[in-house]
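The values are calculated or read from the model by the stated rules, or taken from the named source; none is laboratory data. Note that the structure is a prediction, hence the values are computed from the model and not measured. When we count neighbours, we look across all protein chains shown, and the Cβ atoms used for this are built from the backbone with ideal geometry, even at glycine. Please note that ligands, DNA and RNA were not included when accessible areas were found on the heavy atoms of the full protein model with its side chains. Shrake-Rupley method; radii C 1.70, N 1.55, O 1.52, S 1.80 Å.
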Amino acid sequence: FFRMDAMCPYCLATHAFGVAAWLLVVADGLRLGTQLPSRIWLGGTLPAAIAISALIGGQIYDRYEVRIELVDRWDSGDETFARADAYQNALKQSSATETPTTDARVQTAIEPRDVTLVEGKLAMRLGEYPILGDPNAPHIIAVVSDFTCPACRRLHEYLETAMVKFDHQFAVVVFPMALDSKCNPNLTETTYGHRNACLLAKLSLALWSISPQAYAQFSHEVFAPTIPPDRAEAVALADKLVGAEALDQAMSNPLFDKMLYFSINLLYSPVVEKPGLPTIITPKGTHAGLPESQEALDALIVDALGLAPSPTDDVD
């Protein structure tokens, strides 16, 4: 606790169950009367106490001598780590009076059209926020998603599968959310698992403004592992996709802070009936939380968009 200034609730819960189990053993020993010393102290408690004392003593003695080699799967160097820290330190919460402009619209072959969702309560111009899938697809839904949210990671997988299953008849506008107090004014603290959420969200907006293809690859690779990459790994991946110079220029644009502010607060707006991550936004309404399965998401799409999955060829 004093070294990391943090406590893991899951680890503490595990220890609590261990203590509870020990108390059950003590209670059983008390029932057996004279067998208590041999059954408990000699049989389990005394060896455990000796082992724990050795473990704690070793940690205190060697606390500052332990060396752990961090393997960076993106082969980032010291410069990447420094830039990642600079990006993180530059993140800020935007003012409530600030609203995003259309300066970030990607100059690609995206059909310029306005889209309304939630029975007209949410209006947007395609291209301003990132899009998964074919931006010219006839149907559009949206999601509010956080790169550090486990349920959001599973939903991303479901959506990629569904877009293929429905023959790319729909695309997904992504509003990046961040459960990180660094850019989320609705939070007062950040849990360990969400510590890089703001940076990942802003990186995604910056990459979208440079290259939709780079954004799609970034999203796929960040969402794919069990846990998201750390700051340096994420920046190294973005460098690989668009180059360090282009990324630095985009990340210095304050517009993306404003867009991120709007995107975060969309989850807490009247547009969303029940806030939760992830949130799926369709022309008919909103759905909070991860669908129970791929089939449940498919059914939601069928109901919301009136689509049918593409027929599959029979295999003899």
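Return, ordered by residue number, the residues of region 164-197 whose backbone nitrogen is under 16 Å from a label point located 7 Å along Cα→Cβ of residue 8.
Residues 191-195 fall inside that zone.
Taking the Cα centre of each part, how many Å lie between region 194-212 and region 247-292?
If you average the Cα positions of each part, the centres end up 13 Å apart.
For region 206-274, what class follows from the C-alpha gyration tensor (a ≥ b ≥ c being the square roots of its eigenvalues): rounded when a/c is under 1.5, otherwise prolate if a/b is larger than b/c, else oblate? Intermediate values should be presented prior to the final figure.
Numbers: a/c = 2.29, a/b = 1.43, b/c = 1.60.
Cα axes put region 206-274 in the oblate bin.
Set the bar at 19 Å for Cα to Cα. Now go through 121/284; 202/240; 92/258; 165/240; 165/202 and name every pair that lies beyond it. Each step should come with its number before you reach the end.
Numbers: 121/284 10 Å; 202/240 17 Å; 92/258 9 Å; 165/240 30 Å; 165/202 30 Å.
Check vs 19 Å cut-off fails for 165/240; 165/202.
Roughly how many percent of the accessible protein surface of region 172-268 is carbon and sulfur, given a 1.4 Å probe and a whole-percent answer? Don't skip to the end; give the middle numbers.
Details: 1850 of 3600 Å².
Roughly 51 percent of what the probe reaches on region 172-268 is carbon or sulfur.
Sort 173-179, 118-124 for me by packing, meaning the mean count of neighbouring Cβ atoms within 10 Å per residue, highest on top. Before the final figure, lay out each step's value.
On the way: 173-179: 24.4, 118-124: 13.7.
Going from most to least packed, we get 173-179, 118-124.
Does region 239-301 classify as rounded, prolate or oblate by the C-alpha gyration tensor (a ≥ b ≥ c root eigenvalues; a/c under 1.5 gives rounded; else a/b over b/c gives prolate, otherwise oblate)? Show your work: numbers first, answer last.
Working: a/c = 3.73, a/b = 1.78, b/c = 2.10.
The shape class here is oblate.
How large is Rg/Rh for region 157-270, to two decimals, with Cα atoms and a Kirkwood Rh? Display every interim value, and only then the final one.
On the way: Rg = 14.5 Å, Rh = 15.0 Å.
Using only Cα positions, Rg/Rh for region 157-270 is 0.97.
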